[in-house]
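Structure first, commentary second.
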Amino acid sequence: MDSFVRAALYAGALSSCLGGSDPVEAPDPVEEPPPDTSIEGPGPIAESPVTFTLASREGATFECSLDGADFAACPSPITFDALELGAHRVEARATDALGTDPTPASADFTVVERADFPNLAVLEAGDAYGPERADGYWLFDHDRLAEELVPFYDRYPDDYDAIVTFTQFPVLMLPFARTLRFDVRGVGFEERYGAGAIGTDFSSEAGSAGELDGLVFMCDEAFWDRVAADDGEREILYVLAQEFGHRWAAYLPLPGDADPDVLRDTTGTHWSFTVGGLDAPSPMQVPDGFTLTDNADGTFLLKKAPLGASYASLDLYVMGLLPATDVPDFWFVRNPIPDMLTIDAWSDAGMTISGERTPVSFQDVVTALGPRVPSVEDAPKSFRTAFVAVVLPGTEPDPAFLEFVDQTRVAWESYFSETTRGLGNVDTALFDGTRDPR
């Protein structure tokens with residue numbers, strides 16, 4: 001076969017393999033986009049120096065800009081020190097062989113000086129607050145308190161049993177508490193919330209993985225100034241003891257009674273004013289603790305008690321601090337007349353009620369509910385409690401406000417020890433657990 005014939009055959013075979021004689025167009029090359037950039041920092045409130053971590057795809061380098069300055073090469077992590085107090089913005093963009101991120105990542109933060117308050121956490125208010133009313137008060141969604149604390153767990157370890165919050169701004173809400181974990185038997189949780197409540201855990205709503213037991217909201221400083229003006233006493237620690245105690249207390253029903261709530265008030269969350277024989281003016285008996293004296297003639301004298309510093313033994317049992325054998329029996333007034341508190345109860349003379357004195361054996365209560373689990377021997381006696389100061393977005397914490405919250409925090413440690421008769425304590429330290437030397 002001559003060379004011409006071979007060339008013709010090869011050409012025909014090639015044409016057949018390519019499906020004909022039409023030329024094949026190569027696909028357009030796929031262009032990869034420039035890199036994306038992400039930035040992580042300490043949160044909306046920070047102390048100088050402030051460190052941010054930048055991220056992008058492998059091989060990228062970074063440029064940063066602080067407060068609108070020109071972009072310049074920067075490492076990751078990058079630390080800004082000697083920052084002025086107030087609002088700042090950091091921007092970062094990644095660059096590699098395919099270009100520069102056209103939409104830099106950014107983070108807004110406010111630098112505050114909190115060297116004097118190392119055991120306070122400062123958070124900006126989230127979506128649960130607002131809008132602001134015409135009278136200057138902010139509305140607040142009671143059911144969303146837990147989610148407001150998610151940023152707390154972005155900055156602090158998950159080792160707190162309770163969190164107490166104060167706001168720098170006035171909120172249209174009274175102090176309240178919310179239990180997140182129903183893990184104690186024999187204190188009335190089943191009767192109050194249903195048997196299925198035991199084992200329920202809502203701590204994840206706040207960002208905790210099962211460590212956080214409860215939350216307390218304590219309003220703002222101006223609220224407590226008004227309380228002091230009205231009552232002549234600053235009741236903040238007493239009320240805090242009550243709200244803190246809601247983690248366990250005031251849920252015991254009266255076994256076998258037609259009205260299982262007879263020992264509780266109309267809200268079902270405090271001891272009724274008709275409960276007598278308690279060995280201390282319990283913070284869980286509202287308002288403000290009462291003494292009820294049997295006049296031995298079918299009447300009883302109800303008086304507001306001085307703001308003492310002791311839970312009743314009944315409270316200490318449900319808190320896991322006192323054995324059942326140390327709780328005295330008590331009594332209550334059945335079918336009281338009047339059946340509600342009146343203004344007379346607030347007077348120095350108090351008010352007189354009538355009704356049937358009904359004794360209660362505490363051992364009968366324990367028998368009906370079953371023993372407390374965990375028992376007093378196994379229940380915790382120390383409660384790690386974080387104090388959080390909440391400010392409006394973009395607002396710097398007022399040093400006077402931080403001082404108020406911190407003074408309350410320090411006082412609460414000693415008050416709780418006193419009000420539990422030295423049987424319990426709270427640790428309010430933040431960070432690595434090192435206690436504030438003050």
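Laid out as a table, the results:
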quantity: Peptides ranked, highest mean first, by Cβ atoms within 10 Å: ranges 178-184, 76-82; calculated: 178-184, 76-82
quantity: Net length gained if the chain between A55 and V150 were fully extended (0.36 nm per residue, minus Cα distance); calculated: 31.9 nm
quantity: Selected from P255, Q168, T267, residue furthest toward positive end of dipole (the chain; charges at beta carbon); calculated: P255
quantity: Radius of gyration and maximum dimension Dmax of segment 38-111, Cα, Å; calculated: 12.1, 38
quantity: About the Cα centre, charge dipole magnitude for segment 38-111 (Lys/Arg +1, Asp/Glu -1 at Cβ), debye; calculated: 120 debye
quantity: Whole-Å distance, taken between Cα centres, linking segment 115-152 and segment 325-395; calculated: 29 Å
quantity: Assigned charges on the beta-carbon of Lys, Arg, Asp, Glu; the chain dipole about Cα centre (debye); calculated: 1180 debye
quantity: Simple label model, 7 Å out from Cα along Cβ direction - S375 to S48, nm; calculated: 5.8 nm
quantity: Viscosity 1.002 mPa s, temperature 20 °C, Stokes-Einstein D of segment 248-377 from Kirkwood C-alpha radius, µm²/s; calculated: 143 µm²/s
quantity: Ellipticity estimate at 222 nm from DSSP helix runs (n ≥ 4, -39,500 (n - 2.57)) divided over the chain, nearest 500; calculated: -5500 deg cm²/dmol
quantity: Rounded to 5, percent antiparallel among DSSP beta bridges of the chain; calculated: 70 percent
quantity: Sorted peptide list for 312-319, 248-255, 392-399, 418-425, criterion being average Cβ within 10 angstrom, highest first; calculated: 312-319, 248-255, 418-425, 392-399
quantity: P(r) weight above 28 Å for the chain, C-alpha pairs, percent; calculated: 61 percent
quantity: Prolate/oblate/rounded call for segment 138-198, Cα gyration tensor, a/c under 1.5 rounded; calculated: oblate
quantity: Segment 38-111: antiparallel DSSP beta bridges as a percent of all, rounded to 5; calculated: 90 percent
quantity: Packing-based order for 384-391, 320-327, using average beta carbon neighbours within 10 Å, highest first; calculated: 384-391, 320-327
quantity: Dipole in debye (nearest 20) - segment 248-377, about Cα centre, beta carbon charges: Lys, Arg +1; Asp, Glu -1; calculated: 140 debye
quantity: Theoretical gain in end-to-end length, E40 to T100 [0.36 nm per residue, Cα-Cα removed]; calculated: 19.7 nm
quantity: Among S38, T79, P49 the positive-end extreme of the charge dipole of segment 38-111 (Cβ point charges); calculated: S38
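Since every read-out is calculated from the coordinates, none of them should be taken as a lab result. No experiment lies behind these values; they were computed from the predicted model shown. Positions of Cβ are generated from backbone atoms using ideal geometry, with glycine treated the same way; all protein chains shown enter the neighbour counts.
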